[in-house]
Amino acid sequence: MEKLSLIRKSISYALIANGVNIYEMEERQDIIYAVRLVCKNCNKPWYMNLTECFLCGAINPYLYRCDDCGTFVSITNASGHCNSCHGTNLHLVCPNPDCISNTDPDVKKEINAKGGVFDRDSGFLISQLCCIYCGNNEHIYKHRKIFINDFKRHSFDPADYSITSDDIDSNSFLILRDVKQNTNIEYYLIDLNKIKTSPVKITRFSDIVDELFSK
Amino acid sequence: MMFPTNVFRDVLPSDFNKLNKKHVTEDFVAENFKLLGWSVYTPFNDTGIDLIIEKIVKKDGSTPLDKSEQKENNECVKITRFIQIKTRNLVNNIFGFTLRSKDIRTDPRHVFLLYSDKTTSTQQDFLIITIHDLLEFFKSTNHNPFASFTFRKGNAKMNDLKYNTNDGKFYWKDHSWEAYRNFDGLKKISDPKIDLELDTFSKETRSLSNELLNDFSRGQTFPSQDFANKVKTFIMSNRAQRSDPSYIVKLRKRVKEYLKLSITDQAVIDSMDKYTEYILSKSDSDNEE
């Protein structure tokens, strides 16, 4: 049987690979704290590293646009030339044709002098303000306290996993890992506030994340 | 008991330098919260949050006497705070730090902990403030550091938080920040109203941040008043619409369709999608875009 610390790390990394941030508690090897920044309305992930146009709210397309011929060019274009006209007037523009950064020649000139709206030096980009799925403008931390252990003796009783009622709060879950002979892994996810209706058997790890953060 | 207190008795905070102090300062903060009965969670992976702390408090904010009082008392609630720590050595008595737009969260449980690790040779201080209170402070004092070009560039240094050696107090410009210092700051962030009325505080925080973020000051970078007026007028005229989720969804859909029509090279579209996916996968990482 693997050490609990290794199981905890393995599950932590699996959660991280599925877009969840993990925190740990020094005093307990069997607990991790999972957090996701989500839209308060639709519960989908929020991305603070994504940027939008400060002026109109359009999302960064990560493309250059050639000022000479209007062609969009990949941001990974290493040549620095437009693929169409070979011009070098490439700017990281706002993709919204109705944005003032495109409609007003003076504003366009000033902003493009700094590389375009989405150039970091322009000062006209801002971290995501509105959900990319539903447009809502509030985000919130969704957090789960997760107990982790190997599935022992076919028991779903939290007491068998050293979990007391003092440990449980409204966001507490238990993940039990059941490693089969042929190295397949199954998981049981137990909502510690709804033990009678739990557990949920899961074979694909990403489904654990969906279950944990669906509400 | 002092808060903070030097929990690592074998070494002084002042023994560290800028290059080797990151880990110890975050641990110092964590251990100080633990001493006061908070449960503390530290990051396993690189994120924008340095600590998560939780505690059970009574609805009036006071700490229950013991576990049996917690259980019996329906008036107890578990409070959670998401802490971003900034540690600085005062330079000319100034606590200088940088805020970027990605630091401005709408969850009212998000807290900034400004740790002055050498206020004096023997004294450390925590200045602790929720995002809601920080935004409220800027609004009420008519000071908006988020309107500047440098803020959106990501390198706006806040240099207004100062320690006055005459009276031994912290000030932001002329405004006292003693209400956010050490135990006083801790008391403010421990208010369970934030958790009990999460929806209300979240809306208020977003409203405050909208007001401060959707503003433009030309500074020295854009000297043209005409330019500034055009930009400001455009932003103001859009502000109400941008608070409407359906407007944002329609706008972004329109832009997507425009890009599909404008880009004939599939490789460019693939590049756009791939790079966007890469940025989304960085999720809440503290790394820059």
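The numbers here are math on the coordinates, done by the rules we state, and not lab data. Being a predicted model, the structure only gives us computed values, none of them experimental. As a convention, Cβ positions derive from the backbone with ideal geometry for all residues, glycine included, and neighbour counts pool all protein chains shown.
Assuming a ≥ b ≥ c are the square roots of the Cα gyration tensor eigenvalues, decide whether the range B:13-213 counts as rounded (a/c under 1.5), prolate (otherwise, with a/b larger than b/c) or oblate. Oblate, since a/c reaches 1.5 and b/c is not below a/b. Here the Debye sum runs over all C-alpha atoms of chain A as equal scatterers in vacuum, and log10 of I(q)/I(0) at q = 0.14, 0.16 Å⁻¹ comes out as -0.84, -0.97. With N the number of residues in the range A:51-127, Rg(Cα) / (2.2 N^0.38 Å) evaluates to 1.00. Using the Cβ-Cβ distance between B:T122 and B:K232 with R0 set to 30 Å, the FRET efficiency from 1/(1 + (r/R0)^6) comes to roughly 0.05. Calculated FRET efficiency, A:S79 to B:V7, Cβ-Cβ distance, R0 = 60 Å: about 0.60 to the nearest 0.05.
Cβ-to-Cβ counts within 10 Å put B:M272, B:M2, A:M48 in ascending order as B:M2, B:M272, A:M48, the fewest first. By the count of other C-beta atoms within 10 Å, a proxy for reagent exposure, B:I49, B:I269 are ordered fewest to most as B:I269, B:I49. Checking the cross-link pairs A:K3/A:K180; B:K173/B:K232; B:K34/B:K187 against a 19 Å limit on the alpha carbon distance flags B:K173/B:K232 as lying beyond it. Our coupling estimate for the range B:178-187, obtained by passing each phi through the Karplus curve with A = 6.51, B = -1.76, C = 1.60 and θ = phi - 60°, is 5, 5, 10, 9, 6, 5, 5, x, 4, 4 Hz, Gly and Pro reported as x. Considering the range A:1-79 at the alpha-carbon level, its Rg and Dmax are found to be 20.5, 65 Å.
Quick query: amide H of B:H110 versus all other amide H atoms, modeled in the peptide plane; which residues come in under 5 Å with a sequence gap of 5 or more or a different chain? Here the answer is B:F82, B:I131, since their amide H atoms fall under 5 Å of that of B:H110. Between A:T197 and A:S214, the contour length at 0.36 nm per residue exceeds the Cα-Cα span by 4.5 nm.
Using a ≥ b ≥ c from the Cα gyration tensor of the protein assembly as shown (square roots of the eigenvalues), is it rounded, prolate or oblate, where a/c under 1.5 gives rounded and otherwise the larger of a/b and b/c decides, a/b for prolate? Oblate, because a/c is 1.5 or more while a/b does not exceed b/c. The smallest convex shape that holds all Cα atoms of the range B:191-289, its convex hull, gives 202 Å³ per residue. Computed from backbone phi, the HN-Hα couplings of the range A:191-202 come to 7, 6, 9, 9, 4, 5, 9, 8, x, 9, 8, 9 Hz, rounded to whole numbers (Karplus: 6.51 cos²θ - 1.76 cosθ + 1.60, θ = phi - 60°; Gly and Pro given as x). Anisotropy class assigned to the range B:165-204 is oblate, per the alpha carbon gyration tensor with a/c at or over the 1.5 cut-off and a/b no larger than b/c.
Per-residue mean of foreign Cβ neighbours for B:275-282 is 5 (Cβ atoms of other chains, 10 Å radius). Mean projection of the Cα convex hull over all viewing directions, computed for the range B:97-206: 7.3 nm². Note on B:N89 and A:R204: with the Förster distance fixed at 45 Å, the Cβ-Cβ geometry gives a FRET efficiency of about 0.40.
Model label sites at A:Y133 and B:E136, defined 7 Å from Cα along the beta-carbon direction, differ in position by 3.1 nm. Maximal additional length on extending the B:V24-B:N159 stretch stands at 46.2 nm, based on 0.36 nm per residue less the C-alpha distance.
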